[in-house]
Amino acid sequence: NSGVMSLLRPLLLDVIPTIQQTAALALGRLANYNDDLAEAVVKGDILPQLLCSLSEQNRFYKKAAAFVLRAVGKHSPQLAQAVVQCGALEMLVICLEDFDPGVKEAASWALGYIARHNSELSQAVVDAGAVPLLVLCIQEPEIALKRIAASTLSDISKHSPELAQTVVDAGAIAHLAQMILNPDAKLKRQVLSALSQIAKHSVDLAELVVEAEIFPVVLICLKDSDEYVKKNGATLIREIAKHTPELSQLIVNAGGVAAVIDCIGSCRGTVRLPGIMMLGYVAAHSENLSMAVIVSKGIPPLCACLIEEHEDHIKAAAAWALGQVGRHTPEHARAVAVTNVLPTLLAMYMDTRSSEDLQMKASIFTKKALKNILQKCTYLPALEPLLHDAPPNIMKHIVGQFSKVLPHDSKARRLFVTTGGLKKVQEIKAEPGSLLQEYINTINNCYPEEIVR
């Protein structure tokens with residue numbers, strides 16, 4: 001407000017280097033504070049001035065200048081675009097070749113903040129020739145530089161298969177894969193994140209990541225003391241598992257399902273989410289893979305997530321995963337039903353129906369999971385409690401299963417009378433001619449008329 005920016009601008013060209021550096025640092029801190037101040041740096045025509053003598057300057061000035069570019073570019077795609085338009089990318093790429101690791105780090109950081117916004121900006125970073133130099137940076141001995149370079153490669157790869165392919169073509173996967181077991185937790189986080197962002201786009205890219213022999217090494221990350229290493233490790237496994245049954249089978253063979261199940265059991269909150277999703281993806285592919293999740297005792301921790309977690313999206317993911325496990329055959333559905341989770345799912349569905357739109361998704365996932373399991377479930381003791389609470393759209397699936405089983409199972413027919421199930425069925429109000437009415441008629445036809453009466 002006091003007009004400091006316009007006073008700092010000429011100091012960027014001062015004859016005394018420390019004044020130049022300090023002015024740049026001051027501008028960087030102002031721009032870092034919020035987007036209005038970053039906007040003021042752009043409008044005050046400060047960026048061209050900043051870059052004007054960058055190539056002759058010493059490392060302190062280069063670091064400060066890269067800091068200003070990062071501070072401006074981080075706020076929005078528009079501000080990052082302004083940084084690109086003033087020719088900053090070429091200068092930043094030159095800084096990636098600097099002798100001083102601190103300069104490389106500052107440049108890499110600025111490039112990452114520009115690339116993370118969208119694919120156009122990311123493409124501009126690629127076109128400026130940054131990727132091969134970033135791959136060299138992850139091979140440098142300095143841990144801080146490795147971290148930032150891996151993070152920037154992750155930010156470039158995340159937008160599209162083509163951008164990820166550019167990173168792969170520069171030979172990044174092999175170097176990233178070697179660092180999965182680095183003792184530095186922050187570096188591991190970035191490495192796992194970069195590999196996930198590459199693997200998520202397509203089967204081919206996922207296979208390239210797998211071929212770098214990340215299994216079984218990556219499973220060790222699921223036991224890491226750092227929550228983010230766990231989370232990013234599980235995310236990487238999820239991004240590979242989702243593509244094909246073959247990739248999921250490979251993960252199963254490497255012991256991946258059991259490791260993810262242990263991981264879900266040992267943590268709380270959003271760290272669980274990628275692991276929950278991974279189990280759902282694996283189970284969705286085929287009966288055998290779903291059975292692998294069941295045999296590895298995957299159902300109890302998923303049920304635990306429904307009960308222990310408070311956030312809707314985590315519960316919804318657990319419901320979805322249980323639906324994927326249970327949807328294949330009566331045997332699969334029974335494995336889910338015997339854990340007594342169906343009443344929990346039903347209660348969750350009834351609960352989420354009533355509330356705001358955040359829960360719309362949770363409600364859809366839960367309903368779908370219930371339907372998936374109910375349509376295959378022939379284990380009647382698990383279905384019986386639901387007869388008392390289910391809304392009509394769920395009720396028809398439950399009654400439908402009874403109408404399939406009861407005609408062929410005399411023991412179940414007897415039980416159905418003594419537990420009060422048949423009485424409950426008589427109380428259901430069904431539209432004449434509806435599917436539900438048909439199911440009820442089928443059930444009633446299993447019994448002598450006086451019992452029904």
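Return yes when Glu431 is acidic (Asp, Glu) and over 16 Å from Leu346 (Cα atoms) and no when it is not. I'd like the intermediate steps shown before the answer.
On the way: acidic (Asp, Glu): yes; over 16 Å from Leu346 (Cα atoms): yes.
Answer is yes for this residue.
Outside any helix (DSSP H, G or I), farther than 18 Å from Ala149 by Cβ and not hydroxyl-bearing (Ser, Thr, Tyr) - does that describe any residue in region 79-86? If you could, list the steps in order and put the result at the bottom.
Initially, region 79-86 is screened for residues outside any helix (DSSP H, G or I), giving 86.
Now restrict to residues that are farther than 18 Å from Ala149 by Cβ: 86.
Applying the additional criterion that residues be not hydroxyl-bearing (Ser, Thr, Tyr) yields 86.
Within region 79-86, one or more residues are outside any helix (DSSP H, G or I), farther than 18 Å from Ala149 by Cβ and not hydroxyl-bearing (Ser, Thr, Tyr).
Run down Ala284, Ala333, Ala317 and say which single residue is of a type in the set (Gly, Ala, Ser), over 19 Å from Arg238 (Cβ atoms) and out of contact with any His (no Cβ under 8 Å at 6 or more places or on another chain). Show your work before the answer.
Values: Ala284 fails: over 19 Å from Arg238 (Cβ atoms); Ala317 fails: over 19 Å from Arg238 (Cβ atoms).
Being of a type in the set (Gly, Ala, Ser), over 19 Å from Arg238 (Cβ atoms) and out of contact with any His (no Cβ under 8 Å at 6 or more places or on another chain) holds for just one of Ala284, Ala333, Ala317, which is Ala333.
Within region 134-148, take every residue that is assigned to a helix (DSSP H, G or I) and closer than 13 Å to His175 by Cα and give me the one that is most open to solvent (accessible area, probe 1.4 Å). I'd like the intermediate steps shown before the answer.
Going through region 134-148, the residues assigned to a helix (DSSP H, G or I) turn out to be 134-137, 143-148.
This time we only want the ones that are closer than 13 Å to His175 by Cα, so: 134-137, 146-147.
Working: Leu134: 0, Val135: 6, Leu136: 100, Cys137: 2, Lys146: 30, Arg147: 67 Å².
So the residue we want is Leu136.
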Which of the numbered conditions does Leu54 fail, given that it passes all the others? Conditions: (1) out of contact with any Leu (no Cβ under 8 Å at 6 or more places or on another chain); (2) at pLDDT 90 or above; (3) not acidic (Asp, Glu). (2)
Here is a list: Leu383, Leu387. Which entry is aliphatic (A, V, I, L, M), more than 16 Å from Val338 (Cβ to Cβ) and either over 32 Å from the mean Cα position of the chain (by Cα) or not in a loop (DSSP other than H, G, I, E, B) (or both)? Leu387
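Only residues that are assigned to a loop (DSSP other than H, G, I, E, B) and either over 20 Å from the mean Cα position of the chain (by Cα) or buried (at least 16 other Cβ atoms within 10 Å of the Cβ) (or both): list them for region 202-224, please. Walk me through how you get there before you give the answer.
So the first thing to find is which residues in region 202-224 are assigned to a loop (DSSP other than H, G, I, E, B), and the list is 202, 212-216, 224.
Those that are assigned to a loop (DSSP other than H, G, I, E, B) and either over 20 Å from the mean Cα position of the chain (by Cα) or buried (at least 16 other Cβ atoms within 10 Å of the Cβ) (or both): Ala212, Glu213, Ile214, Phe215, Pro216, Asp224.
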Please identify the pairs in which a residue from region 315-331 that is open to solvent by less than 10 Å² (accessible area, probe 1.4 Å) has its Cβ atom under 9 Å from the Cβ atom of a residue that is of a type in the set (Asp, Glu), counting only partners at least 6 apart or on another chain. Ala318/Glu309
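Scan region 411-453 for residues that are outside any helix (DSSP H, G or I) and either surrounded by 11 or more Cβ atoms within 10 Å (Cβ to Cβ) or in contact (Cβ under 8 Å) with a residue 60 or more places away in the chain (or both) and jot them down.
Residues of region 411-453 that are outside any helix (DSSP H, G or I), as a first pass: 419-420, 428-434, 445-448, 453.
Those that are outside any helix (DSSP H, G or I) and either surrounded by 11 or more Cβ atoms within 10 Å (Cβ to Cβ) or in contact (Cβ under 8 Å) with a residue 60 or more places away in the chain (or both): Thr419, Gly420, Ile428, Ala430, Ser434, Asn445, Cys446, Tyr447.
Listed residues Lys297, Lys367; which is over 19 Å from the mean Cα position of the chain (by Cα) and at positive phi?
Values: Lys367 fails: at positive phi.
Testing whether each residue is over 19 Å from the mean Cα position of the chain (by Cα) and at positive phi leaves just Lys297.
Counting only residues that are part of a helix (DSSP H, G or I) and of a type in the set (Gly, Ala, Ser), which one in region 149-169 is surrounded by the fewest Cβ atoms within 10 Å (Cβ to Cβ)?
Here is the first cut: in region 149-169, the residues part of a helix (DSSP H, G or I) are 149-157, 161-169.
Now restrict to residues that are of a type in the set (Gly, Ala, Ser): 149-151, 154, 157, 164.
Working: Ala149: 33, Ala150: 30, Ser151: 23, Ser154: 27, Ser157: 29, Ala164: 26.
Once the filter is applied, the top-ranked residue is Ser151.
For (1) within 18 Å of Ala149 (Cα to Cα); (2) open to solvent by 20 Å² or more (accessible area, probe 1.4 Å), each residue gets a yes or a no:
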{"site": "Gln178", "(1), (2)": "yes, yes"}
{"site": "Leu192", "(1), (2)": "yes, no"}
{"site": "Gly233", "(1), (2)": "no, no"}
{"site": "Arg268", "(1), (2)": "no, yes"}
{"site": "Val271", "(1), (2)": "no, no"}
{"site": "Met277", "(1), (2)": "no, yes"}
When only residues in region 241-260 that are within 21 Å of the chain's Cα centre (by Cα) and polar (S, T, N, Q) count, which is nearest to Gly275 (Cα to Cα)? Ser248
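Here is a check on your reading of the model: is Ala88 open to solvent by less than 20 Å² (accessible area, probe 1.4 Å) and touching a Gly at 6+ places or on another chain (Cβ under 6 Å)? Full working, then the answer.
On the way: open to solvent by less than 20 Å² (accessible area, probe 1.4 Å): yes; touching a Gly at 6+ places or on another chain (Cβ under 6 Å): no.
No: the conditions fail for Ala88.
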Take the residues of region 92-112 that are hydrophobic (A, V, I, L, M, F, W, C) and open to solvent by 40 Å² or more (accessible area, probe 1.4 Å): which is farthest from the chain's Cα centre (by Cα)? Phe99
Looking at (1) touching a residue at least 12 places away in the same chain (Cβ under 8 Å); (2) within 17 Å of Val325 (Cβ to Cβ); (3) surrounded by fewer than 23 Cβ atoms within 10 Å (Cβ to Cβ), find the lone condition where Val295 falls short. (1)
Name the pairs whose Cβ atoms lie under 6 Å apart, with the first residue in region 240-261 and within 17 Å of Ile299 (Cβ to Cβ) and in contact (Cβ under 8 Å) with a residue 12 or more places away in the chain, the second among the hydroxyl-bearing types (Ser, Thr, Tyr) and part of a loop (DSSP other than H, G, I, E, B), and 6 or more positions between them or separate chains? Val257/Ser296; Ala258/Ser296; Ile261/Ser296
Which numbered condition trips up Tyr61, out of (1) modelled with pLDDT of 95 or more; (2) buried (at least 18 other Cβ atoms within 10 Å of the Cβ)? (1)
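The values are calculated or read from the model by the stated rules, or taken from the named source; none is laboratory data. Owing to the predicted nature of the structure, the values given are computational and were not obtained by experimental measurement. Cβ: placed from backbone, ideal geometry, glycine included. Neighbour counts: every protein chain shown. Please note that ligands, DNA and RNA were not included when accessible areas were found on the heavy atoms of the full protein model with its side chains. Shrake-Rupley method; radii C 1.70, N 1.55, O 1.52, S 1.80 Å.
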